[in-house]
Amino acid sequence: MRTVKTKNSSLMKKILQSQYANLTGIIVLIITFATIVTIVNPLFLSKANILNVGRQMVVFGIIACALSFPQIAGNTDMGIESVGALCGAITCELVSASNPGIIQAQIHPVLAIIIGVVVGALCGLLNGVLIAYTTIPAFIVTLGTQTALRGMTYIVTNNMPIAQLDERFLWLSEAKLFGINIQIYFLACFFLVTAFILNKTTFGRKVFAVGGNAQAAYQSGINVKRITLYCYIICGIIASLAGILLSARTNSAQPTAMNGYSTVAISACAMGGVPLEGGEGSVIGMVFGSLMMAMLTNGMNMMKLSTNYQYIFRGVMLILSVFYAQWINKKTASLARE
Amino acid sequence: MSEVVLQMNHVSKNFGGVHALTDVSLTLHKGEVLCLVGENGAGKSTLMNVLTGVVQPSSGEIILHGEPVVIKNPSDAFARGISIVHQELVQMGKLTVAENIFAGRLPTKHGLVDYDQLYKDTEELMDKINIHFDPKAKVRQFSIAQCQLIEILKALSYDSSVIVFDEPTAALTIDECQILYGIIKDLQVRGVSVIFISHRMADIYAVGENVAVLRDGKNSGYGVVSELTEQQIIAMMVGRHMEDQYGEKHNVPGDVVLKVRNLKNNRVHGVNFDVRAGEVLGFGGLIGAGRTEILQAIFGIDKYEGEVELDGKQIHCKSPEEAIKHGISLVSENRKDYGLILKHAILKNISLGILDMTSKHGLADAKTENETAQEFMDKLQIKATDGNTKAMALSGGNQQKVVIARCLASKPKVLFLDEPTRGVDVGAKAEIYRIIDDLACQGVAIVMVSSELPELIAISDRIIVMREGDQVGEMPAKEATEEGIMALCV
């Protein structure tokens with residue numbers, strides 16, 4: 001360590017001391033993991049597979065964006081998966097020619113998506129009101145809504161997949177621009193818009209302040225409850241869009257869609273440097289975090305691990321990777337100090 | 001003098017390129033009370049961290065009872081009879097007094113906790129220094145002073161020969177300080193040596209035998225307390241002669257800005273006062289007398305009944321957001337919990353106060369924000385590498401200036417200052433007094449709560465004294481004396 005230090009250029013030092021220094025952990029992790037998978041299966045780095053990872057990253061990245069609002073404000077949301085599933089199901093039933101669900105009307109896809117998003121916003125409103133205006137912990141509230149909304153999804157779909165979707169709706173997953181799937185562009189838009197809201201608007205700045213120290217934010221004249229509420233509404237809206245885009249990709253709405261994705265969102269944020277207690281975080285970190293989560297799934301398939309073992313591997317990897325990222329960060333921080 | 005218990009010889013400590021301590025030496029005798037003083041950042045904490053094994057010195061040696069020792073970690077320090085009573089107390093609120101004192105060492109019988117023995121041990125311990133709590137009481141509702149006593153008991157339970165007190169009186173009332181002084185004298189009689197860290201001259205003269213002064217991580221003075229004047233000790237701390245740390249007042253009070261009539265809630269029983277533009281109104285009284293509560297009520301944090309008029313207009317703020325919009329700002333007494341976002345940069349902390357004022361259509365104007373914040377940072381002489389330094393890296397005085405800057409950025413007509421110099425070193429105190437005078441000269445109406453009587457008298461134009469929620473006296477500061485105010489307080 002000490003011999004490396006003397007060779008550090010001032011540029012290196014600048015990077016290490018910048019706000020992006022805490023990304024070194026996740027970047028090193030991605031490189032390490034990619035190297036291991038490539039050694040086992042060189043096809044991992046083929047163009048087709050990279051695009052595949054990109055497509056798998058779409059929903060992960062969008063739910064990370066959704067979660068980032070409550071999480072940076074110092075709360076959490078365990079219900080993202082159910083909001084996405086419910087809104088995806090409702091939208092799909094509205095664009096399905098014939099389905100087993102309880103909604104039988106077929107309407108224009110744009111209208112159907114708007115209805116799905118409104119339902120998502122209402123779910124967020126419910127979470128937000130309960131969390132901001134009562135003293136029930138966010139974890140409990142959103143765990144409750146996760147369960148209840150999953151139940152509603154089962155009811156809305158009659159426990160059956162919703163298929164036979166409108167061709168126009170499927171444009172959301174099949175269209176291509178410059179040879180790249182449209183969903184990748186959507187993902188980029190979500191990242192950009194989230195970064196814009198968080199960094200360039202007063203609302204976003206307040207989100208960071210509330211997560212940094214809610215009491216100090218309150219005494220500085222910030223309406224903490226209102227910010228908390230808005231965070232959950234935004235989260236609900238983005239989660240509903242994630243659910244809708246996923247159903248377009250899988251060509252159907254599954255009653256069990258997005259099961260376990262709340263954990264994925266939390267993992268992606270945690271790996272990307274949004275601490276669980278909030279107040280910090282960057283979209284660029286979330287990009288890396290969701291990329292890692294997508295690579296994990298894809299990489300395990302490339303290494304031909306069976307699904308059951310994938311769960312074990314994924315769980316172990318989550319713990320290991322956060323530990324690893326923290327370790328790397330600590331090393332870089334001490335390098336930056338010296 | 002009696003035998004030497006502890007010697008720290010030529011201790012240095014570097015953190016990266018920063019020399020926190022350079023060649024510092026310190027000698028402690030049996031039964032001595034040694035005051036360790038110095039401005040924030042002078043190295044007192046680092047020196048004590050070396051002593052209690054929190055950090056290892058880069059060079060130098062520690063000699064305990066004549067033997068050179070290496071103190072590996074805090075529990076090693078405890079085992080060797082060195083304890084510290086921290087400034088920020090760490091108690092497990094849900095546990096009882098006895099459990100807190102003997103945490104990790106509970107007596108057991110057949111593998112289960114032997115509570116009878118535990119309570120008996122606790123009682124015995126308390127008898128030693130003549131303080132009495134119910135050993136079964138939960139610590140949660142204890143005051144800071146009571147928590148401190150528990151820490152002292154804990155130190156005694158380890159049979160410590162050296163006890164370090166880190167700014168123990170910062171949060172105590174005058175009465176509580178007296179009790180603490182008594183206990184320290186008791187310890188001294190029992191042969192315990194005490195290192196007493198403090199910013200307050202009153203403490204040094206009340207308990208100290210000798211005083212060691214640190215400045216910029218070096219020894220800068222040593223002497224017998226009774227032979228030194230306050231000015232001499234301050235001069236050793238700041239390296240210059242401080243004529244009068246309060247400075248001269250220049251403000252001229254104008255028209256009434258804030259009028260409060262019959263303000264009442266469960267902590268305050270009917271308070272009336274006016275504050276004029278350019279006036280400093282001081283609130284004196286003991287902690288818990290309802291002074292902070294008056295400010296918090298008007299600022300919209302607590303509910304109240306009664307009338308508040310700002311510039312002749314009735315207002316009743318229900319949130320700080322509303323109060324700030326009306327032109328009222330509050331510098332809270334607890335900057336770490338209520339004033340600052342410690343993990344955010346200085347500039348971000350300051351611009352929190354002007355986010356909405358500089359924004360257009362909800363978009364933050366980073367340029368104007370940073371310029372304004374930088375302007376206040378310069379004006380208040382906040383010392384840091386640059387504006388992107390995180391607030392947690394600053395000294396107490398500079399942190400306090402960041403909170404004041406944030407409040408000033410929104411250009412308040414009325415500024416509430418709750419214990420503005422608590423935990424702030426002498427140099428920064430003088431600067432904060434100058435800032436208060438400047439603001440008053442610019443016509444800001446200032447209401448200051450202070451438990452430091454000399455400060456209250458020197459900085460205020462007028463003083464109101466509170467006792468248990470009642471307004472018990474009012475006087476021009478020129479006619480006020482410390483004794484006169486104390487007589488009203490108790």
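Where a number appears in this text, it was derived from the coordinates with a stated rule and is not lab data. Keep in mind the model is a prediction, meaning the values are calculated, not measured. Glycine gets a Cβ as well: all are built from the backbone with ideal geometry, and neighbour counts include every protein chain shown.
A few points about this structure:
- A DSSP coil position with no more than 16 other Cβ atoms inside 10 Å describes the following GluC sites (Glu not before Pro) in the stretch B:230-295: B:E243, B:E248.
- Convex hull projection area averaged over all views, the stretch B:271-393, Cα basis, nm²: 9.7 nm²
- On a per residue basis, the convex hull of the C-alpha atoms belonging to chain A measures out at 152 Å³.
- Averaged over peptide B:319-326, the number of partner chain Cβ atoms lying within 10 Å of each residue's Cβ comes to 4.
- Of interest is the spacing of the C-alpha centroids, which for the stretch B:363-421 and the stretch A:103-174 amounts to 44 Å.
- Summarising the amide proton neighbourhood of B:G221: residues at separation of 5 or more, or on other chains, whose placed amide H is nearer than 5 Å comprise B:V213.
- Once the Cα gyration tensor of the protein assembly as shown is diagonalised, semi-axes √(5λ) in Å: 54, 35, 26
- Helical segments meeting 18 Å axial Cα length and Kyte-Doolittle -0.5 threshold in chain A (DSSP H): A:24-40, A:47-72, A:80-94, A:109-133, A:138-157, A:182-200, A:224-250, A:283-302, A:307-337
- Above 21 Å, the calculated P(r) of the stretch A:92-188 contains 51 percent of its Cα-Cα pairs.
- Among the chymotrypsin sites (Phe, Trp or Tyr not before Pro) in the stretch A:143-240, those located in a DSSP loop and surrounded by at most 12 other Cβ atoms within 10 Å of their own Cβ are A:F178.
- Taking a straight line from the alpha carbon of B:K325, these lysines sit under 19 Å away, with near neighbours fewer than eight places off in the same chain left out: A:K206, A:K225, B:K259, B:K303, B:K313, B:K360, B:K411, B:K413.
- C-alpha center-to-center spacing [the stretch B:24-73, the stretch B:81-149] in angstrom: 26 Å
- Footprinting exposure proxy for B:R406, B:R267, B:R80 (fewest neighbouring C-beta atoms within 10 Å first): B:R267, B:R80, B:R406
- Karplus-derived HN-Hα couplings along the stretch B:51-58 (A = 6.51, B = -1.76, C = 1.60, θ = phi - 60°), whole Hz, x at Gly and Pro: 5, 9, x, 5, 10, 9, x, 6
- Förster-model FRET efficiency, 60 Å R0, B:H316 and B:M92, C-beta, rounded to 0.05: 0.90
- For the options A:F60, A:F288, A:F33, a Gaussian network treatment of chain A with springs between C-alpha atoms closer than 10 Å singles out A:F33 as fluctuating the most.
- The distance separating the Cα centre of the stretch A:219-236 from that of the stretch B:150-214 comes to 46 Å.
- With each label modelled as a point 7 angstrom along the Cα→C-beta vector, the A:Y309-A:A48 pair spans 2.4 nm.
- Directionally averaged projected area (convex hull, Cα atoms, chain B), nm²: 25.5 nm²
- Cα-based Rg of the stretch B:59-216 normalised by 2.2 N^0.38 Å, two decimals: 1.09
- Straight-line cross-link reach from A:K47 at under 18 Å between alpha-carbon atoms covers these lysines, not counting any fewer than eight positions away in the same chain: A:K176.
- The simple spin-label model puts a point 7 Å past each Cα toward its Cβ; for A:C189 and B:K303 those points are separated by 4.7 nm.
- Calculated mean residue ellipticity, 222 nm, the protein assembly as shown: -16000 deg cm²/dmol, from DSSP H runs (n ≥ 4) at -39500 (n - 2.57) each, averaged per residue and rounded to 500.
- Separation in nanometres of the label points that stand 7 Å from Cα toward Cβ, at A:S98 and A:I27: 5.5 nm
- Here's the list of aspartates and glutamates a cross-link from A:K330 could span, going by alpha-carbon distance under 16 Å and ignoring same-chain residues fewer than 8 apart: A:E338.
- Count Lys and Arg as plus one, Asp and Glu as minus one, and take only other residues whose Cβ is under 12 Å from that of B:V449; the net charge is then -4.
- Exceedance of the 20 Å cut-off in Cα-Cα distance is limited, within the set B:K13/B:K218; B:K72/B:K343; B:K383/B:K429; B:K138/B:K336, to B:K72/B:K343; B:K138/B:K336.
- Two-decimal log10 I(q)/I(0) for the stretch A:156-260, as the Debye equation yields it once each C-alpha is a single scatterer, q = 0.14, 0.25 Å⁻¹: -0.73, -1.29
- In the stretch A:106-156, inverting the average of 1/r over every pair of distinct C-alpha atoms gives 12.2 Å as the Kirkwood radius.
- R0 of 51 Å, Cβ-Cβ distance A:W171-B:D438: FRET efficiency to nearest 0.05: 0.20
- Calculated P(r) of the stretch B:379-490 - Cα pairs past 16 Å, %: 62 percent
- Footprinting exposure proxy ranking of B:V69, A:V40, fewest other C-beta atoms within 10 angstrom first, gives A:V40, B:V69.
- Rg followed by Dmax, in Å, when the stretch B:207-268 is reduced to its Cα trace: 21.0, 54
- On the principal axes of its alpha-carbon atoms, the stretch B:105-184 has extents of 46, 30, 20 Å, going from largest to smallest.
- Pairwise FRET efficiency - B:N266 versus B:I179, Cβ, R0 = 22 Å, nearest 0.05: 0.20
- Count Lys and Arg as plus one, Asp and Glu as minus one, and take only other residues whose Cβ is under 14 Å from that of B:A77; the net charge is then 0.
- Packing-based ranking, highest mean first, of B:417-427, B:436-446, A:307-317 given that Cβ atoms within 10 Å are counted: B:417-427, B:436-446, A:307-317
- Its Cα gyration tensor gives the stretch A:150-218 an equivalent ellipsoid. The semi-axes, each the square root of 5 times an eigenvalue, are 36, 23, 7 Å from largest down.
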